[in-house]
Each structure stands twice: as structure tokens, then as C-alpha cells.
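Working notes for the structure below.
The values are calculated or read from the model by the stated rules, or taken from the named source; none is laboratory data. It should be emphasised that the depicted structure is a prediction, and the values quoted were computed from it without experimental measurement. As a convention, Cβ positions derive from the backbone with ideal geometry for all residues, glycine included, and neighbour counts pool all protein chains shown.
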Amino acid sequence: MFIQTESTPNPATLKFLPGQTVLEAGTADFPSATASFNSPLAQRLFAVDGVTGIFFGTDFITVTKADWLEWDHLKPALLGAIMEHFQSGEPVMAGSEPAASGHADHDGPDEEIVGQIKELLDTRVRPAVAQDGGDITFHGFDRGIVYLHMQGACAGCPSSTLTLKMGIENLLRHYIPEVTEVRPVAV
């Protein structure tokens, strides 16, 4: 098994490509070790000292580290943990609950606008941020303001504000006149 790594725009996050499917569909975000109870792989990675967050995509794993650690010291242990997991035959996610699609539900008078927002996020934004080891999902819409949740490499990334304001906000405002602003939320 050969596992590739890629840097991300977030210096505290590294993207691991195991060369096989991680999740069949959706994504899974583990912002802390306590959130990893339903994932044997996430538990194995959190067992490595200094890991502060984990995110799974369809074919990648992103790991966020504590600021005091250098990737040169952490990367070998993480590569070993990922390799051990995939060779063990254990599932990535325990139980039968599917991975989340990510977007929050929304109904009401703005349902058509929210549908357009989700469509643009799914077709234009999410594929691009997945290349950087993260995800951005819809959290809410209220009086012209779109609330988005940033995950994986996008969470805490120094360039995330620029991505939200100059990229995503401009895109949504261009296609959906009802959108006036985009703001991040922490879940």
C-alpha cells in the first residue's frame, strides 16, 4: 500500500491519499477525539499524540495537528496508523449509519433560494475545496445572509475568510440576487 500526502492551504492540516475509497458517499468530520466514537480509523489516528482533528472525504483523509508539532515528526506515525487500519480489514465507519451529506435541512419561504445555494455549493464550491482536503456545507439562510460550516482543512485555514468573502460570497451573489453576505459558523 502506498499512501500519498499533499499539503493544504492550512499549514496545520495535511491531506493523506491512501489510494482507495475512504467513504463511499458524503464526508465525516471529527473535530475532537470524543467525536470519533463511531470510526475505528479516526480513533486510531487520534491515538497519535498531537492530532487535533480528522476529516474523511471519498478518497482522502485530512489530519489537523497541534501547533507545537512539526509534520516531520508526526507524519510517519500517521502513515503507519492509516496503513495498519486498511490492512486490518476494519471498516472506516462502525455501524450502518451513512456519512452525512453535509448540508443542513431548510424549509419555509426561502426553500427555492436555499435549493439554488446548495446546488451552487455542490457543483462549484465543494469539488474545489475537496482538492484542498476540506469541505464547506450549508448551515442556514436568514435575511440574505448565508451561513456556511467549514470542515477539514478549511476549518481554521488562514485563507478561509478570503475564500468565503471573495470567492463564495461573490459567486452566490452573482447567481442569486437575494444573497447579500456569507458568514462562517462553528458547529
Criterion: closer than 20 Å to E24 by Cβ and touching a helix residue (DSSP H, G or I) at 6+ places or on another chain (Cβ under 8 Å) - qualifying residue of V63, V51, V92, V125: V92
Are there any pairs with C-beta distances below 7 angstrom linking a residue in the range 117-141 that is in the same structural domain as L164 (by TED's automatic domain parsing) and at pLDDT 85 or above to a residue that is among the acidic types (D, E) and not in a strand (DSSP E or B), with the two at least 6 apart or on different chains, and if so which? F141/D110
So K15 clears everything in (1) within 14 Å of the chain's Cα centre (by Cα); (2) within 16 Å of L78 (Cα to Cα); (3) surrounded by fewer than 21 Cβ atoms within 10 Å (Cβ to Cβ) except one condition, right? Which one? (3)
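One line per residue, one yes/no per condition, for (1) part of a strand (DSSP E or B); (2) surrounded by 14 or more Cβ atoms within 10 Å (Cβ to Cβ); (3) at pLDDT 95 or above; (4) out of contact with any strand residue (DSSP E or B) (no Cβ under 9 Å at 6 or more places or on another chain):
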residue	(1), (2), (3), (4)
E6	yes, yes, no, no
T21	no, no, no, yes
R44	no, yes, yes, yes
L78	no, yes, yes, no
M93	no, yes, no, no
G102	no, yes, no, no
From D142, D135, residue being acidic (D, E) and under 16 Å from the mean Cα position of the chain (by Cα): D135
